[in-house]
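> Submitted below is the structure of interest, expressed as structure tokens.
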Amino acid sequence: MQIIVVDKRLARARTITLTRRHAAMALSAVVLVVLVMSGMFSFLTVRAASLFPIPVVSDVISFVTRDEIERQDQRVRDNVDALARKLGEVQPNCCAWMR
């Protein structure tokens, strides 16, 4: 694609040629900028919530934290149950050869 720039300050018209590579690089740059800005916004929101008492943000943070703690507790309980089952399977075999 070609873009022709005409300005009275220019002695003649300028032609700018854009290729698919240029378009892909521009799109990649826009996506990168959006991702960085959204990450910065999220960080600043959490930071502000920790410094200033904003009820809505504090509620969201406490909900996410509580949900994560519940998931970790369930994972620990599942692991303890699995280990208890394995111990129950191994224990009879262990003591059988001692008799």
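The values are calculated or read from the model by the stated rules, or taken from the named source; none is laboratory data. In this text the structure is predicted, and so the values were computed from the model without any measurement. Counting neighbours? That spans all protein chains shown, and the Cβs are built from the backbone with ideal geometry, glycine included. Remember, those area values only see protein heavy atoms, side chains included, never the ligands or the DNA or RNA. Shrake-Rupley method; radii C 1.70, N 1.55, O 1.52, S 1.80 Å.
> Heavy atoms of the protein only, probe of 1.4 Å, neighbouring chains included. What is the accessible area of Asp81 in Å², nearest 10?
80 Å²
> Which residue fluctuates most in the GNM of the chain (Cα springs below 10 Å): Ala11, Ala26, Ala49?
Greatest mean-square fluctuation among the candidates belongs to Ala11.
> Count charges around Val64 for me, please; just the other residues with Cβ under 12 Å from its Cβ, Lys/Arg as +1, Asp/Glu as -1. All intermediate terms of the calculation are to be shown ahead of the outcome.
On the way: positive: Arg66, Arg71; negative: Asp59, Asp67, Glu68, Glu70.
Net charge around Val64: -2.
> Per residue of the stretch 42-57, in order, report the coupling 6.51 cos²θ - 1.76 cosθ + 1.60 (Karplus, θ = phi - 60°) as ³J(HN,Hα) in whole Hz, putting x for Gly and Pro.
Calculated HN-Hα couplings, in order: 4, 4, 5, 5, 5, 4, 5, 5, 6, 8, 10, x, 9, x, 5, 5 Hz.
> What whole-number value in Å² describes the accessible area per residue of the chain for a 1.4 Å probe?
Value for the chain: 95 Å² per residue.
> I'd like the distance separating the alpha-carbon centroids of the stretch 1-60 and the stretch 62-88, in whole Å.
42 Å
> Here is a follow-up. Positive end of the dipole of the stretch 10-99, charges at C-beta (+1 Lys, Arg; -1 Asp, Glu), about the Cα centre: which of Ala48, Ile16, Ser62 has its Cα farthest in that direction?
Ile16
> Give me the percent of accessible area attributable to carbon and sulfur for the chain, probe 1.4 angstrom. Display every interim value, and only then the final one.
Details: 6250 of 9370 Å².
Roughly 67 percent, rounded to a whole number.
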